[in-house]
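Worksheet: one structure, shown below.
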Amino acid sequence: MSRIGKQLISIPEKVEVNINGDLIMIKGSKGELTRRLPRQIKVQISEGKIALSIDKNSGGSDKNLAALWGLSRALISNMVKGVSVGWQKKLEIEGIGYRAALDGEKLVLTLGYSHPITIAAPPGIKFEVIKNMIIVSGVDKELVGQVAAKIRDQRKPEPYKGKGIRYEGEKIKIKAGKKAVSSGI
């Protein structure tokens with residue numbers, strides 16, 4: 001049995017949930033998300049809550065079904081939170097001459113390369129730049145994380161001085177540099 005899958009998902013006000021077979025559509029003030037669920041998972045809505053259950057007749061091992069049950073519940077919960085509140089990831093830029101700027105909907109990064117790097121915002125994603133911080137926000141948690149990871153990959157933090165792009169609060173383990181060895185002459 002999945003402990004996560006058993007938990008009910010409460011539907012906030014102004015959030016509309018529609019189920020059409022194995023397709024779930026959630027609409028809220030921030031946007032709309034759609035996801036196809038595995039055929040083994042059944043979804044019911046009652047009294048402002050979403051309940052998920054397993055269809056035992058569909059086949060598959062109990063362990064795999066429990067994993068799908070918990071995964072599906074977590075995905076639907078993230079969708080509900082995304083359309084009502086939204087998701088965001090914050091990235092910090094550290095290093096002399098490293099900076100970010102917005103050019104319309106595009107993010108322009110100057111990271112010590114011979115050319116600036118331009119990243120276009122996919123549909124549903126919004127960029128904000130405040131001093132040395134980039135804020136990636138949107139309704140789809142998976143897409144927000146993927147775009148933030150793509151930005152971080154442009155210049156990962158290096159282990160000697162810590163320069164680069166890191167997630168807010170991420171700790172970088174700084175290595176000691178080379179030590180000069182004196183010869184005993």
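The values are calculated or read from the model by the stated rules, or taken from the named source; none is laboratory data. It should be emphasised that the depicted structure is a prediction, and the values quoted were computed from it without experimental measurement. Please note: Cβ atoms are built from the backbone with ideal geometry, for glycine as well, and neighbour counts cover all protein chains shown.
Below, the figures for the structure above:
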item: Filtered residues of the range 115-133 (kept if at pLDDT 95 or above, in a loop (DSSP other than H, G, I, E, B) and surrounded by 16 or more Cβ atoms within 10 Å (Cβ to Cβ)); result: Ala121
item: Pick from the range 59-72, criterion within 18 Å of Ile19 (Cβ to Cβ) and buried (at least 18 other Cβ atoms within 10 Å of the Cβ), ranking: nearest to the chain's Cα centre (by Cα); result: Ser72
item: Residue count for the range 18-38, restricted to those that are surrounded by 13 or more Cβ atoms within 10 Å (Cβ to Cβ) and under 23 Å from Ser61 (Cα atoms); result: 3
item: Count of residues meeting criterion [basic (Lys, Arg), touching a Gly at 6+ places or on another chain (Cβ under 8 Å) and assigned to a loop (DSSP other than H, G, I, E, B)] in the range 1-51; result: 2
item: Any hit, the range 63-72, residues being touching a strand residue (DSSP E or B) at 6+ places or on another chain (Cβ under 6 Å), more than 30 Å from Arg155 (Cβ to Cβ), in contact (Cβ under 8 Å) with a residue 60 or more places away in the chain and not in a strand (DSSP E or B); result: yes
item: Subset of the range 73-114 that is in contact with a helix residue (DSSP H, G or I) (Cβ under 7 Å, 6 or more places away or on another chain) and assigned to a helix (DSSP H, G or I) - its residue that is surrounded by the most Cβ atoms within 10 Å (Cβ to Cβ); result: Gly82
item: Residue count, the range 154-185 (criterion: among the aliphatic types (A, V, I, L, M) and either outside any loop (DSSP other than H, G, I, E, B) or surrounded by 10 or more Cβ atoms within 10 Å (Cβ to Cβ) (or both)); result: 3
item: Flag for Glu105 being out of contact with any Ser or Thr (no Cβ under 8 Å at 6 or more places or on another chain), of a type outside the set (A, V, I, L, M, F, W, C) and in the same structural domain as Ile151 (by TED's automatic domain parsing); result: yes
item: Verdict on Val136 being surrounded by 13 or more Cβ atoms within 10 Å (Cβ to Cβ), touching a residue at least 24 places away in the same chain (Cβ under 8 Å), in a helix (DSSP H, G or I) and β-branched (Val, Ile, Thr); result: no
item: Subset tally (residues that are modelled with pLDDT of 95 or more and in contact with a Phe, Trp or Tyr (Cβ under 7 Å, 6 or more places away or on another chain)) for the range 164-185; result: 0
item: Pair list, Cβ under 6 Å, 6 or more apart: the range 140-153 residue in a helix (DSSP H, G or I), other residue surrounded by 14 or more Cβ atoms within 10 Å (Cβ to Cβ) and among the aromatic types (Phe, Trp, Tyr); result: Lys141/Trp87; Val144/Trp87
item: The listed residue being surrounded by 16 or more Cβ atoms within 10 Å (Cβ to Cβ) and within 24 Å of Ile125 (Cα to Cα), out of Val15, Val43; result: Val15
item: Close pairs from the range 9-20: first under 16 Å from Thr34 (Cα atoms), partner polar (S, T, N, Q) and not in a strand (DSSP E or B), Cβ under 7 Å, at least 6 apart; result: Val15/Ser84
